[in-house]
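Please read the structure below before turning to the comments.
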Amino acid sequence: MTDRFGSVRNLPCKVFSSVLAIVALAVLSPVVVIYGEETPSSLSYTFTSYDYPGATFTEASGINTAGVLVGGYTDASGVTHGFALLPTGKFKNLDYPGAISTVLTRINDANQVVGIYVDSSGVSHGFQFVSPNTFTPIDFPGAAQTQAYGINKSQQIVGAWYDSNGNTAGFSLLGGNFTDLVYPKSVSTVASDVNSTGEISGSWGNTGPNQLAHGFLLTSANNGRYTDVEFPAAVATLIFGINDLAEVVGSYVDAANVTHAWAGLPAKKQYMTLDFPGAVSSSLSGITNSGFFAGSFTDSRGHTHASCVAPKPPSTQVPDRVGGKAVPPLKTHCPG
């Protein structure tokens with residue numbers, strides 16, 4: 001059996017800052033660098049880029065089993081909106097009522113969405129959206145600002161909150177109960193995603209002359225164990241998403257200060273660079289159990305586009321590398 005993966009600022013609060021416009025759709029030779037063991041004999045991916053019609057900036061931050069992408073786009077007036085891109089290739093705008101800015105950060109397999117909105121006072125809040133029109137705000141108790149980043153099938157939600165001094169901590173919300181999450185001895189913690197077992201991904205950082213970002217995994221919000229995650233030879237590592245197999249995605253910065261997209265299975269120390277072909281910088285934000293990725297990239301003109309990356313051929317069997325149980329085949333595909 002082989003695995004899919006072979007071998008700054010004060011911690012980012014990732015700002016994921018109707019006609020389908022496909023800028024590129026091709027099977028290309030991406031920058032793929034493998035670290036670790038048990039690498040597959042060949043790795044091939046299909047890369048698709050998307051732009052919300054009329055947008056100056058488009059970024060995808062999550063994808064579910066059905067192939068629905070969510071994210072944010074900026075219009076010609078400089079206003080940021082949330083969007084969902086359906087499997088048919090149709091965009092749908094989705095803004096929090098009364099907000100001056102909205103981004104969608106994650107979607108689960110029940111099509112429940114979490115995101116971030118900014119109110120008229122410039123304060124950010126998390127929220128959950130349930131179709132057709134139910135918006136629920138999320139605010140960590142006593143926080144100056146709150147941002148929601150991940151949701152699993154049990155509607156456990158994770159994110160970050162900020163105090164009045166700008167200090168950052170992560171949180172988990174389940175059944176109306178908040179849990180504060182702080183990586184040991186760190187000054188900044190962001191919880192970015194949570195899988196169906198309750199394992200949480202995120203990033204942490206400290207202050208100082210060589211301030212860097214690091215990734216982490218947390219086995220559970222309640223008295224769980226933190227594990228530091230670093231992409232090999234990177235000067236900064238961020239984790240934005242996790243699936244039920246404990247495979248993660250994110251970005252890292254190399255010694256030349258270039259940002260790359262990466263995916264991996266940290267439990268087996270397996271890491272892979274997966275940059276959008278021709279991009280000057282890339283990032284991956286979401287991952288399905290069958291190995292489809294949502295993300296974004298910046299081209300040579302400085303324009304940012306949403307992306308969906310699909311294994312080729314698409315996965316038909318997905319072994320559970322963590323618990324040894326079989327995962328049913330999934331029919332995920334990129335929109336369009």
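Nothing in this text is a laboratory measurement; each read-out follows from the coordinates by a stated rule. Computed from a predicted structure; not experimentally measured. All Cβ positions, glycine included, derive from the backbone under ideal geometry; neighbour counts span all protein chains shown.
Points worth noting:
- Less than 5 angstrom separates the built amide H of residue 290 from none of the residues sequence-distant by 5 or more or on a different chain.
- Amide H contacts for residue 281 (H built 1.01 Å from N in the peptide plane; partners 5 or more residues away or on another chain; cut-off under 5 Å): 298.
- Cut-off 14 Å between beta-carbons: net charge of the residues surrounding residue 174, Lys and Arg +1, Asp and Glu -1: -1
- At R0 = 45 Å, FRET efficiency that the Cβ-Cβ distance of residue 255 and residue 180 yields, to 0.05: 0.85
- Spin-label model distance (nm) - residue 136 vs residue 303, 7 Å beyond Cα toward Cβ: 3.9
- Segment 63-122: C-alpha gyration tensor shape, a/c 1.5 cut-off, then a/b vs b/c: oblate
- Ranked list, fewest to most other Cβ atoms within 10 Å of each Cβ, for 187, 309, 194, 130: 130, 187, 309, 194
- Amide hydrogen proximity for residue 250: with H placed 1.01 Å from N in the peptide plane, the residues at 5 or more positions away or on another chain lying under 5 Å are 240, 262, 284.
- In sequence order, segment 251-257 has phi-based couplings of 9, 9, 10, 8, 5, 8, 6 Hz under the Karplus curve 6.51 cos²θ - 1.76 cosθ + 1.60, θ = phi - 60°, and Gly or Pro positions carry x.
- Sorting 276-287, 296-307, 223-234, 95-106 by average packing, meaning the other beta carbons within 10 Å per residue, from highest down gives 276-287, 95-106, 296-307, 223-234.
- Gyration tensor (alpha-carbon) shape descriptor, segment 21-314, a/c threshold 1.5: rounded
- Each other residue within a Cβ distance under 15 Å of residue 50 adds +1 if Lys or Arg and -1 if Asp or Glu, for a net charge of -1.
- For segment 164-268: rounded, prolate or oblate by the Cα gyration tensor [a/c cutoff 1.5]: oblate
- Per-pair calculated FRET efficiency, R0 = 41 Å: residue 65 and residue 269 via Cβ, rounded to 0.05: 0.90
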